[in-house]
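Colleague: This is the structure, below, for whatever I ask next.
Derivation of every value follows stated rules applied to the coordinates shown; laboratory data play no part. These numbers come from a predicted model, not from an experiment. Because the Cβ atoms are built from the backbone with ideal geometry, glycine has one as well, and the counts that use them run over all protein chains shown.
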Amino acid sequence: MLTPDTWQKSSFSGGGQGDACVEVCNRSTHISIRDSKSPTRAILTFPARAFTPFIEALKARHPAD
């Protein structure tokens with residue numbers, strides 16, 4: 001089970017209240033992400049080796065301004 005202290009809020013939390021972000025849980029074999037505004041809803045979990053390609057694909061689809 002993932003406890004609240006295992007989650008870390010992204011350093012890129014957006015403007016305003018800082019609530020437009022994701023939280024990440026880094027475990028030895030996998031990495032999970034969730035919406036910080038709805039932490040009890042869906043959680044995406046990836047094998048650790050698949051997380052970096054996932055992030056790179058997101059960056060390619062939505063390049064920074």
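Colleague: Short version: ³J(HN,Hα) in whole Hz for each residue of segment 49-61, in order, from phi by Karplus 6.51 cos²θ - 1.76 cosθ + 1.60 (θ = phi - 60°), x for Gly and Pro, what are they?
Modeller: 3J(HN,Hα) across segment 49-61, in whole Hz: 5, 8, 5, 4, x, 4, 5, 4, 5, 5, 4, 5, 7.
Colleague: If we sort 22-34, 38-50 on the protection proxy, mean other Cβ atoms within 10 Å, highest first, what's the order?
Modeller: Descending packing order for the listed peptides: 22-34, 38-50.
Colleague: Could I ask something else about it? Using amide H atoms built 1.01 Å from N in the peptide plane, name the residues 5+ places from Cys21, or on other chains, whose amide H lies under 5 Å from its own.
Modeller: Amide H neighbours of Cys21, under 5 Å, 5+ apart: Ser36, Lys37.
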